Amino acid sequence: MINVLKMNNVNVTLNGNDGKIEILKNIDLTFEENKIYVITGPNGSGKSTLAKAIMGITPISSGQILLDGNDISDKSITERAKLGIGYAFQTPARFKGLKVKEMLDLAKGRNDTESCQLLYDVGLCSQDYLDRDIDSTFSGGELKRIEIASILGRDLKMALFDEPEAGIDLWSFQRLIETFEKMHQRYKTTIVIISHQERILRLADEVILLNDGTVSEITSHEKFLEKISRLNSGCDCKNDCIKGGAFNADCDR
Amino acid sequence: MLTAIDKDLLEKIADLHEVPHGAYNIRKDGKGISRNTTANIDIITKQDKPGIDIIIKPGTKGESVHIPVILSKEGLCDVVYNTFEIGEDSDVVIVAGCGIHNSGSADEQHDGIHEFFVRKGAHMKYVEKHYGEGDGTGQRILNPKTIIEVEEGGVAELEMIQIKGVDQTVRDTDVILHKNARLIVSERLHTYLDQNAESNINVKLMGEDSSAQVISRSVAQDDSKQVFHMNLLGYNKCAGHIQCDSIIMDNAKVSSIPEISAFDSEAQLIHEAAIGKIASDQLIKLMTLGLSEKEAEAIILKGFLG
């Protein structure tokens with residue numbers, strides 16, 4: 001298998017009110033071509049920061065990020081985008097005066113994918129949407145789907161999706177799963193999805209569990225889900241809390 | 001005669017490549033130089049002061065009037081009074097606009113005082129673009145005053161755009177709305193270098209069920225200054241909404257002064273005003289698509305002012 005992206009001993013430290021906060025600690029990860037990775041873990045475990053560090057949005061404090069063997073640690077967001085990394089935001093930006101069509105055209109670049117098809121893949125009718133501004137008239141779910149469409153339109157080595165299911169209704173959820181599967185079959189893109197959803201976890205070749213800024217486990221989705229169901233079997237409340245969560249929702253099952 | 005500079009100015013302010021179809025009046029350096037009237041639209045020169053009367057017959061549908069003004073002579077201060085009579089139940093588009101080319105050291109100024117009577121049930125769309133160019137040190141000054149009265153069931157739709165190159169502007173817009181009358185204003189203002197712009201919009205909602213929507217967007221760059229004073233006054237059961245949005249950059253200064261006044265318990269008036277720099281989440285999103293920060297900025301500003 002070809003390694004697309006490697007993180008060597010990556011640390012992210014931010015300055016908080018009470019001094020320095022370590023968000024990511026000694027992250028060593030390897031992402032291979034044409035594989036699907038799902039990153040999961042409690043709130044505040046560093047999932048989004050990890051994806052943002054790969055995209056270059058959050059600068060790393062130490063360590064190295066390699067794309068196709070080349071060090072991209074000092075490259076800007078723009079340079080990384082041009083090298084084939086894409087990121088679908090958890091909370092997409094709204095734009096006054098930028099139309100869906102314009103956004104998709106910018107995303108596609110020289111790629112000849114049809115905008116209609118991109119919108120169809122995320123369950124939207126292009127006739128209703130192409131000429132609309134990406135502004136506050138859009139619901140959270142609509143915005144999220146357009147964000148995902150803007151990633152599907154690109155020819156990427158690595159696509160990062162930050163909680164893509166948030167705000168998406170059940171009907172389109174199935175569509176979203178199919179879209180990931182299609183993207184996986186059609187391109188060699190390495191897909192990294194941050195998610196807590198069981199159905200998305202089932203797509204994963206590898207599940208990466210983050211806890212308190214470190215990789216606590218890399219496993220298959222079968223093993224991961226089996227463990228969860230074992231934990232759940234003795235649970236009365238059926239909450240999907242994970243031991244060691246940010247709000248100390250400790251659970252000894 | 002129209003020179004190459006004149007033609008370029010006309011294209012910028014009125015999207016005109018040649019003389020327009022339909023009714024028009026082209027004013028250059030303080031004088032009317034070209035005019036056409038139609039069976040439904042008459043244009044008459046005022047006798048008592050500089051300017052024209054534009055008279056649109058009741059029931060006129062789908063016609064347009066172009067009244068561009070171009071200035072290319074330094075040191076000129078052109079004041080013009082235009083009166084528009086928009087006949088009952090007509091539906092027309094009026095394209096005004098002023099382009100200044102100043103390559104001299106003396107100022108050039110155009111003060112257009114436009115008065116509109118939108119009669120019962122008429123629909124008027126008024127498009128006004130302002131543009132300045134030329135490498136002279138003389139200032140390019142535009143002070144438009146727009147006075148509009150909309151009668152019962154009439155609609156006035158205004159698109160007021162200052163594209164670029166205007167050094168000083170004070171824009172006054174006063175509107176009176178009668179029963180069921182509607183006003184839709186879309187203002188776009190872009191200033192840079194050490195330009196100054198002031199926009200004052202006063203809307204009196206006099207009639208029952210009258211409504212007004214004012215959307216103003218501006219971008220202030222470099223050392224430019226902008227002041228917005230928007231005022232809605234509700235004297236009856238009415239609805240009004242002002243949205244004033246400014247992007248501020250560099251060392252610019254922007255003041256947005258909201259005012260809404262109700263004189264009737266059924267009046268519903270809203271004023272929203274926001275000033276801020278370009279949102280970083282917008283910039284980052286476009287950068288993740290491979291655009292540089294400068295390219296992303298340009299796309300955001302173009303869309304915002306578009």
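Values quoted throughout were computed directly from the atomic coordinates according to the rules given, and no laboratory measurement underlies them. What you see is a predicted model; the values in this text were computed from it and never measured. Cβ coordinates were reconstructed from backbone atoms using ideal geometry, including for glycine residues, and neighbour counts include every protein chain displayed.
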Problem set entry | Footprinting exposure proxy for A:LYS188, B:LYS129, B:LYS120 (fewest neighbouring C-beta atoms within 10 Å first) | A:LYS188, B:LYS120, B:LYS129
Exercise. When the dipole is taken about the Cα centre of the range B:228-286, and only Lys, Arg (+1) and Asp, Glu (-1) are charged at their Cβ, what size is it in debye, to the nearest 20?
Worked result: 160 debye
For this session: Based solely on C-alpha atoms, express the radius of gyration and the Dmax of the range A:155-225 in angstrom.
Result: 12.6, 35
Seminar exercise, completed: Calc'd 3J(HN,Hα), the range B:273-286, phi into Karplus 6.51 cos²θ - 1.76 cosθ + 1.60 (θ = phi - 60°), Hz, glycine/Pro = x, comes to 9, 9, 10, x, 7, 4, 4, 5, 5, 5, 4, 5, 4, 5
For this session: Among DSSP beta bridges lying fully in the range A:3-233, give the percent that are antiparallel, nearest 5.
Result: 60 percent
Exercise. If you take the charge dipole of chain B about its Cα centre, with +1 on Lys and Arg Cβ and -1 on Asp and Glu Cβ, which of B:GLY32, B:HIS110, B:GLY132 is farthest toward its positive end?
Worked result: B:GLY32
For this session: Could you pull the Rg and Dmax for chain B, using just the Cα atoms, both in Å?
Result: 19.8, 62
Seminar exercise, completed: Over chain A, the sum of -39500 (n - 2.57) across DSSP H runs of at least four, divided by residue number and rounded to 500 deg cm²/dmol, gives at 222 nm -9500 deg cm²/dmol
Seminar exercise, completed: Residue separation between A:TYR120 and A:GLN64 times 0.36 nm, minus their alpha-carbon distance, gives in nm 16.3 nm
Exercise. Under a 5 Å amide H to amide H cut-off, with H placed in plane at 1.01 Å, what residues pair with B:ILE148 once short-range neighbours are removed?
Worked result: B:PHE116, B:ASP174, B:VAL175, B:ILE176
Problem set entry | ³J(HN,Hα), Karplus 6.51/-1.76/1.60, whole Hz, each residue of the range A:158-166, x for Gly, Pro | 9, 10, 9, 10, 9, 6, x, 7, 4
Exercise. Per residue of chain B, what 222 nm ellipticity follows from adding -39500 (n - 2.57) for every DSSP H run with n ≥ 4, rounded to the nearest 500?
Worked result: -3000 deg cm²/dmol
Exercise. In straight Cα distance, which lysines are under 25 Å from A:LYS101, not counting same-chain residues fewer than 8 positions off?
Worked result: A:LYS82, A:LYS144, A:LYS157, A:LYS182, B:LYS277, B:LYS285, B:LYS294, B:LYS302
Exercise. Between B:SER255 and B:LYS302, what is the FRET efficiency for a Förster distance of 30 Å, r being their Cβ-Cβ separation, to the nearest 0.05?
Worked result: 0.75
Seminar exercise, completed: Non-local residues with an amide H under 5 Å from the amide H of B:LYS46, with H modelled 1.01 Å from N and Pro and chain starts lacking one, are B:GLY51, B:ILE52, B:ASP53
For this session: Amide H neighbours of B:VAL65 under 5 Å, at least 5 residues apart or on other chains, H built in the peptide plane: list them.
Result: B:VAL93, B:ILE94, B:VAL95
Exercise. Which whole-Hz couplings ³J(HN,Hα) result when phi for each residue of the range B:295-302 is put into the Karplus expression 6.51 cos²θ - 1.76 cosθ + 1.60, θ = phi - 60°, listed in order with x for Gly and Pro?
Worked result: 5, 4, 4, 4, 5, 5, 5, 4
Exercise. Dividing the alpha-carbon Rg of the range A:3-233 by 2.2 N^0.38 Å yields what?
Worked result: 1.01
Exercise. Taking 0.36 nm per residue of separation and subtracting the Cα-Cα distance, what length does fully extending B:SER280 through B:GLN268 add?
Worked result: 0.9 nm
Problem set entry | Label-point separation, A:ASN26 to B:GLN47 (7 Å along Cα→Cβ), nm | 9.7 nm
Exercise. How high is the FRET efficiency between A:ASP112 and A:PHE173 when r is their beta carbon distance and R₀ equals 30 Å, given to the nearest 0.05?
Worked result: 0.55
Exercise. For the range A:3-233, with only Lys/Arg (+1) and Asp/Glu (-1) charged at the beta-carbon, what is the dipole magnitude about the Cα centre, in debye rounded to 20?
Worked result: 140 debye
For this session: Could you work out the Rg to Rh ratio of the protein assembly as shown, with Rh taken as the Kirkwood radius (inverse of the mean 1/r over all Cα pairs)?
Result: 1.09
Exercise. In nm, what is the difference between 0.36 nm times the number of residues separating A:ASP128 and A:ASP155 and their Cα-Cα distance?
Worked result: 7.2 nm
Exercise. Put +1 on the Cβ of each Lys and Arg and -1 on the Cβ of each Asp and Glu in the range A:3-233; which of A:PRO59, A:ASN26, A:GLY41 then has its Cα farthest toward the positive end of the dipole?
Worked result: A:PRO59
Problem set entry | Debye intensity ratio in log₁₀ form over the Cα atoms of the range A:14-111, taken at each q of 0.19 Å⁻¹ | -1.15
Exercise. For the pair B:SER292 and B:ILE215, what calculated FRET efficiency results from E = 1/(1 + (r/R0)^6), where r is the Cβ-Cβ distance and R0 = 35 Å, to the nearest 0.05?
Worked result: 0.70
